[in-house]
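Each remark here refers to the structure printed beneath this line.
Values in this text are rule-based calculations from the coordinates and carry no lab data. The model shown is predicted, which means the values in this text are computed figures rather than measured ones. Ideal geometry is used to build each Cβ from the backbone, glycine not excepted, and the neighbour counts take in all protein chains shown.
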């Protein structure tokens, strides 16, 4: 039940982010300078740290989504828990990789 | 899973495309999920890994002016808008509001989705403003 709930929660967070992202990027319609200002703002350490939260949400939603896709095809139904933890581990590895990549921008 | 709420199963356990069961939405959610995975991976790689450092207007212009990048970003927009709004629809429908309200909400979400894709395409095109093919 918790996995289902987290899938929904992460989905809603990502949907909300999508709307924000759309409006942020569209500042480019006004001028290149305004876009550059906005991009500089998003390089503040706090916001880069928030990006990691976003990445975590994407990776969880993708990993669990992958599990759902497998199950819809009839695979891994009996080994559900192993599939879940396996895909989630892959996600956590990717998250660690991304954190390492963004570390310099946060601290 | 919550998004399989309307898919009717045959006696053999296979989802069947009866009208009114939400089969198209259910299937497209999965199709767009896989496509999103592909296009998001491409987008992240091309945007952030190939070119590190602060994003500037010029960097984006250099990318979006090239048809391949524009295509990837456009497909990502279309696929994610569909997948996201379909997901939001699933969450709302699970509150059990009754058929008339469900249809109204679906219609509203379609309008929002199409508006979002149109708006997003204009935003994307803004980066390629100086290029001749627009």
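Over the Cα atoms of region B:63-120, what Rg and Dmax result, in angstrom?
In order Rg, Dmax, the Cα atoms of region B:63-120 give 14.6, 47 Å.
How big is D, in µm² s⁻¹, for region B:28-134 by Stokes-Einstein at 4 °C and 1.567 mPa s if Rh is the Kirkwood radius over C-alpha pairs?
Numbers: Rh = 15.5 Å.
Calculated translational D: 84 µm²/s.
What is the pair-distance distribution P(r) of the protein assembly as shown, computed from all Cα-Cα distances in 5 Å bins starting at 0, with each bin given as a whole percent?
For the protein assembly as shown, the binned pair fractions read 1, 6, 11, 16, 17, 16, 12, 9, 6, 3, 1, 0, 0 percent.
Could you give the semi-axes, largest first, of the ellipsoid that matches region A:1-61, computed as the square roots of 5 times the alpha carbon gyration tensor eigenvalues and rounded to whole Å?
Square roots of five times the eigenvalues give 28, 13, 6 Å.
What are the principal axis extents of the Cα atoms in chain A, in Å, biggest first?
Largest first, chain A extends 55, 29, 20 Å along its Cα principal axes.
Between residue B:66 and residue A:53, how many nm apart are label points set 7 Å from Cα along the C-beta direction?
That separation, rounded to one decimal, is 3.5 nm.
What does the average come to when, for each residue of peptide B:28-40, you count the partner chain Cβ atoms lying within 10 Å of its Cβ?
2
According to a simple spin-label model (label point 7 Å from Cα along Cα-to-Cβ), what is the distance in nm between residue A:1 and residue A:34?
4.8 nm
What does the helix-only formula give at 222 nm for chain A: each DSSP H stretch with n ≥ 4 adding -39500 (n - 2.57), the total divided by the residues, and the result rounded to the nearest 500 deg cm²/dmol?
Numbers: 4 runs with 89 residues, N = 107.
About -29000 deg cm²/dmol.
Compute from the Cα atoms of region A:54-107 the Rg and the Dmax, the latter being the longest Cα-Cα distance, and quote both in angstrom.
Values for region A:54-107 (Cα only, Rg and Dmax): 13.5, 45 Å.
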